[in-house]
1. Taking the alpha-carbon set of the range 566-609, what are its Rg and Dmax in Å?
2. Ranking request for peptides 473-484, 384-395: highest mean number of other beta-carbon atoms within 10 Å first, then the rest in descending order.
3. How high is the relative contact order of the range 207-279? Use alpha-carbon pairs under 8 Å, at least six apart in sequence, and give a whole percent.
4. Provide the packing ranking of 99-111, 317-329, 495-507, 616-628, i.e. peptides ordered by the mean count of other C-beta atoms within 10 Å per residue, highest first.
5. Over the alpha-carbon set of the range 428-471, divide Rg by the Kirkwood Rh and report the Rg/Rh ratio to two decimals.
6. What does the convex hull of the Cα atoms of the range 474-530 come to per residue, in Å³, rounded to a whole number?
7. Using just the alpha carbons, could you tell me how many Å³ per residue the convex hull of the range 218-327 encloses?
8. How large a share of the accessible area of the range 203-333, in percent, is made up of carbon and sulfur atoms when the probe is 1.4 Å and the other protein chains stay in place?
Amino acid sequence: MKFNLLFLFAILSLKLMAQVKPQPSPSTHYVNNRVPLRPNPYIELPLGAIKPQGWLREMLVRQRNGATGNLDKLYPLVMNQRNGWLGGDGDQWERGPYWIDGLLPLAYLLDDKELIAKTKPWVEWAINSQQPDGYFGPSKDYANEPGVQRDNSRDWWPKMVMLKILKQYYSATGDQRVIRLMTNYFRYQLKELPKKPLDHWTFWARYRAGDNLMNVYWLYNLTGDKFLLALGDLLHKQTFDYTDAFLNTDLLSTEGSIHCVNLAQGIKEPIIYYQHHPDKKYLDATVKGFGDIRKFNGLAHGLYGGDEALHGNNPTQGSELCSAVEMMFSLESILAITGNVAYADQIEKIAFNALPAQVSDDFMGRQYFQQANQVMATRHTRNFDVNHGGTDVCYGLLTGYPCCTSNMHQGWPKFTQNLWYVTGGTPGRADKGLAALVYAPSEVNAYVASGTEVSFKEETNYPFEETVKFTLTTRNQSVTFPFELRIPAWCKKASIKINGNVWKETPGNQIVRINRTWKSGDVVELELPMHIFKNNWFENSMSVERGPLTYALKIGEETKTVKNDKDPIAYGDTYEEIRPTTPWNYGLLDTPASKLNDTYTFEKTAPVSSYPWNPEKAPLQIKVKAKRIPSWQLYNDMTGPIPYSVTYGLETAQEEEITLIPYGCTNLRISQFPVLGRNP
């Protein structure tokens with residue numbers, strides 16, 4: 001009996017040890033790419049090392065108290081115990097993993113024990129579902145049921161989302177079962193993909209396999225198993241060829257050519273693969289891809305027309321919420337591999353403009369599509385590639401299509417997780433330092449140099465203010481390491497102070513490295529002066545921008561809650577419609593770029609609140625002269641065709657002053673304005 005008890009104790013101890021986070025020595029705390037993968041300039045920090053502060057923490061708290069923390073109660077049809085990713089006969093596909101892909105990082109960023117506990121059944125079931133051949137996840141299809149996806153259970157695509165979840169879970173906990181599961185599953189993939197390629201069940205995996213590939217390389221860096229490199233090559237071969245499409249085809253200039261979310265997810269694949277095969281064509285293809293998205297489909301909020309297929313750059317075309325959060329994640333992945341400032345600038349453009357405008361203040365509702373020029377958020381069929389009962393721009397939990405209900409949760413948590421990086425060890429660069437590449441109030445704890453633990457507190461109201469203050473804390477008397485700061489391309493001349501003294505003034509579009517010996521209490525102040533500038537878009541329309549923020553017309557609003565008796569399973573029991581109470585059909589006077597800061601009046605109207613992302617709390621505004629255009633009227637609950645800039649002889653009303661506020665603070669808006677010339 002004594003022997004049996006000792007044996008049982010030993011078995012339990014081994015199981016517990018497998019789930020406890022290993023404690024690496026500080027010098028091996030962060031792992032860069034293993035040969036033959038190319039070393040990356042930046043390395044992601046473990047989940048939980050970065051903590052949100054200020055308005056960013058408030059955003060995450062609202063997620064916790066809103067749909068992210070309560071989706072199992074709000075959307076039980078899909079997220080209850082019947083979900084296939086909990087072993088049930090309900091939804092077998094992407095929606096459950098989508099939710100946990102945002103809930104899990106949110107839980108660990110807030111160190112919220114209740115939310116962590118809510119993620120555990122999903123993680124445990126996924127790990128315990130692995131079969132002897134290496135397959136894991138749901139494996140049985142069921143008959144059709146309204147509102148639930150019960151087929152294609154063995155599709156490769158949903159597993160890619162769960163792989164991202166498990167990677168984050170391992171980052172936070174060190175649970176070695178993740179390594180075993182991924183190793184066995186990737187061996188299964190290497191064996192099965194030649195017989196059942198990525199598009200065997202559905203086409204989605206073929207366009208989104210960059211998510212699979214990045215986890216294969218992540219595991220290789222931990223284990224060194226050579227078969228993973230062969231699997232990486234196989235995945236790349238079966239994935240849609242974005243490199244060729246961007247460099248040699250008219251994909252991005254052709255409307256309807258690709259699903260908008262496939263593009264947002266797939267655009268990182270050439271750069272992910274570049275780590276193993278560092279051919280310049282992958283870098284060039286990505287640069288050209290982003291350039292062509294901007295040229296043929298770009299919109300002033302940082303995204304592109306895609307509703308759901310790629311749909312050009314008319315400011316009344318929709319942009320899907322899934323595109324916003326997936327494009328942010330792709331950009332974050334690309335940034336760490338390339339170190340290119342432009343990708344960090346674009347992360348901020350989407351995060352500070354498109355993302356907050358598309359989700360309700362309480363994080364309980366969202367739009368499936370948003371419009372850059374959006375003057376009515378009503379139930380009405382619009383000129384979108386796909387319409388869902390006319391509900392696509394209404395604010396609701398299930399309006400449009402519920403993929404975004406499930407997937408919207410990853411945006412802010414992963415944004416937080418990618419504010420800071422460890423500097424990598426590429427040739428000619430010092431490593432084991434820290435880099436702040438995207439700015440928001442936060443605090444980071446990390447190991448630098450030969451293993452010294454340090455923290456930086458980042459105090460800022462950016463993007464609403466221009467100063468970012470970093471205060472270092474360390475127990476050591478002194479420590480030498482590089483600290484890197486991004487200077488955005490829009491900034492003409494930044495100033496960096498160290499302990500109150502100007503250290504450097506420098507133009508934008510670069511990373512600045514501060515190599516020095518630091519002591520606890522050292523303060524770095526980054527000043528990023530912002531100026532008003534403009535960009536041109538569809539029909540030569542004009543956006544007004546300052547720093548990373550796009551500004552949009554402040555429109556009076558009337559909100560109505562609609563009880564949905566028509567189709568509640570599809571689009572929810574209720575949703576909100578918003579209508580304008582003030583005019584919107586304004587054109588801006590033609591003003592040379594050099595005169596914008598003289599003729600446009602920038603004002604700080606209030607202190608930056610803990611939640612500044614609505615019309616009432618917007619802390620900034622720009623006053624500008626404009627004229628109404630009588631011929632520019634509503635069409636199909638949208639703005640009619642935008643007048644070309646500049647239309648000769650266009651009839652206009654008297655000049656008046658209008659107010660612009662940050663795009664991310666709006667619900668209704670004009671962000672791309674016609675430009676008015678002189679009347680004949």
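1. Rg and Dmax of the range 566-609, Cα atoms, are 20.2, 54 Å.
2. Order by mean packing, descending: 384-395, 473-484.
3. So the answer I get is 46 percent.
4. 317-329, 99-111, 616-628, 495-507
5. Result for the range 428-471 is an Rg/Rh of 1.05.
6. Hull volume normalised by residue count: 72 Å³.
7. Details: hull volume 11.1 nm³, N = 110.
Each residue corresponds to 101 Å³ of Cα convex hull volume.
8. So the carbon and sulfur contribution to the accessible surface is 52 percent.
The values are calculated or read from the model by the stated rules, or taken from the named source; none is laboratory data. What you see is a predicted model, and the numbers here were worked out from it, not measured in a lab. We place every Cβ from the backbone using ideal geometry, glycine too, and count neighbours over all the protein chains shown. Surface accessibility is based on the protein's heavy atoms, side chains included, excluding ligands, DNA and RNA. Shrake-Rupley method; radii C 1.70, N 1.55, O 1.52, S 1.80 Å.
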